[in-house]
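Worksheet: one structure, shown below.
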Amino acid sequence: MDVILVSSRRGLGKVGDVVKVKDGYARNYLLPNGFAVYATQENKDKLTAMREKLDAENHKAWEIAKKLVEEIQGKMISIVRQVGNNNKLFGSVLARDISASLSNMGHKIAKDFILIRKPIKFSGVHPVEINLHYDVSTVVYVSVAHSENETRELYDNFIKSSASSNQ
């Protein structure tokens, strides 16, 4: 199915692009969430007329994302969890947990923008990518342990080992 993107989507395209996606992805995700519209001739004509407005909105969103990246880039997020044998967590740390921690720090970031490449199932420091805009992303470090003091120690050791490996 062909759709016109109303907002930029990483891995899919920028505002105004006509992209071919699977029917279910379009019907169940892109269209209901307002990320795209059907690629009819009428919508293409409307898009041409609204192009300047959409570009301005997209640029504004990009500026906000850049500012937020400067504020959170490289920050440490402490998450306290119960830890069992071999530093294995009971459960795992999810994007919603990271989003809640960022909210407590004063940065409202939806869980949809948080990309956990490998499940966080062990204590330690884990880099997590945050994609705030089509071409704006950063990395934060999630320190997971059974106490707040231990999360800080893990993060400090991580920073020291990173600094020594860069020399």
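The values are calculated or read from the model by the stated rules, or taken from the named source; none is laboratory data. All values derive from a computational prediction rather than experimental measurement. Heads up, the Cβs are rebuilt from the backbone with ideal geometry, glycines too, and the neighbour counts pull from every protein chain shown. SASA here: full protein model, heavy atoms, side chains in, ligands and nucleic acids out. Shrake-Rupley method; radii C 1.70, N 1.55, O 1.52, S 1.80 Å.
Taking 0.36 nm per residue of separation and subtracting the Cα-Cα distance, what length does fully extending Val18 through Lys60 add? Show your work: numbers first, answer last.
Values: separation 42, 0.36 × 42 = 15.12 nm, distance 2.19 nm.
Going from the current span to full extension adds 12.9 nm.
Mind checking which lysines have their C-alpha under 21 Å from Lys118, skipping anything on the same chain fewer than 8 residues away?
Excluding near neighbours in sequence, the set is Lys75, Lys88.
Whole-Hz Karplus ³J(HN,Hα) for the stretch 91-106, in order, using 6.51 cos²θ - 1.76 cosθ + 1.60 and θ = phi - 60°, x for Gly and Pro?
x, 8, 8, 10, 4, 5, 5, 5, 4, 5, 5, 5, 4, 5, 8, x
State the extension gain, in nm to one decimal, for the chain segment bounded by Arg152 and Ala49, taking 0.36 nm per residue of separation less the distance between their alpha-carbons.
Values: separation 103, 0.36 × 103 = 37.08 nm, distance 5.26 nm.
Contour length minus Cα-Cα distance gives 31.8 nm.
Please list 3J(HN,Hα) in residue order for the stretch 44-54, calculated via the Karplus relation 6.51 cos²θ - 1.76 cosθ + 1.60 where θ = phi - 60°; whole Hz, with x for glycine and proline.
Taking θ as phi minus 60°, the curve returns 5, 5, 4, 5, 4, 5, 8, 3, 5, 5, 5 Hz for the stretch 44-54.
Each residue of the stretch 20-36 in turn: what ³J(HN,Hα) in whole Hz from Karplus with 6.51, -1.76, 1.60 and θ = phi - 60°, glycine and Pro shown as x?
Those phi angles translate into 9, 10, 5, 4, x, 4, 5, 5, 9, 10, 5, 5, x, 8, x, 7, 8 Hz.
If you compute Rg and Dmax of the Cα atoms in Å for the structure shown, which of (1) 14.0, 38; (2) 15.3, 49; (3) 19.8, 61 do you land on?
Derived directly from the coordinates: (3).
Compute the accessible area per residue over the chain, keeping the other protein chains in place, probe 1.4 Å, unit Å². Numbers along the way, then the final one.
On the way: 10560 Å² over 167 residues.
With the other protein chains kept in place, the chain gives 63 Å² per residue.
Sorted from largest to smallest, which semi-axis lengths in Å does the alpha carbon gyration tensor of the stretch 36-87 give for its equivalent ellipsoid, taking the root of 5 times each eigenvalue?
Values: eigenvalues 375, 69, 6 Å².
For the stretch 36-87, the ellipsoid semi-axes come out as 43, 19, 6 Å.
For the full complex of protein chains and a 1.4 angstrom probe, list Glu57, Glu52 by accessible area with the highest value first.
On the way: Glu57 95, Glu52 155 Å².
These residues rank, largest area first, as Glu52, Glu57.
Could you give the length gained by full extension between Glu42 and Met1, i.e. 0.36 nm per residue of separation minus their alpha carbon distance, to one decimal place? It would help to have the intermediate numbers written out before the result.
Details: separation 41, 0.36 × 41 = 14.76 nm, distance 1.61 nm.
Additional length available on full extension: 13.1 nm.
What residue among Gln82, Gln73, Gln41 shows peak mean-square fluctuation when the chain is described by a Gaussian network model with Cα springs under 10 Å?
So, out of Gln82, Gln73, Gln41, the one fluctuating most is Gln41.
If I take every Cα pair under 8 Å that is 6 or more residues apart in the stretch 26-116, average their sequence separation and divide by the length, what percent do I get for the relative contact order?
15 percent
Simple spin-label model, 7 Å along Cα-to-Cβ: Ile159 to Ser103 in nm?
2.7 nm
Cα to Cα, under 14 Å, and not fewer than 8 places away if on the same chain: which aspartates and glutamates meet these conditions relative to Lys20?
Of all the aspartates and glutamates, those that pass the test against Lys20 - Cα under 14 Å, at least 8 places apart if same chain - are Asp2.
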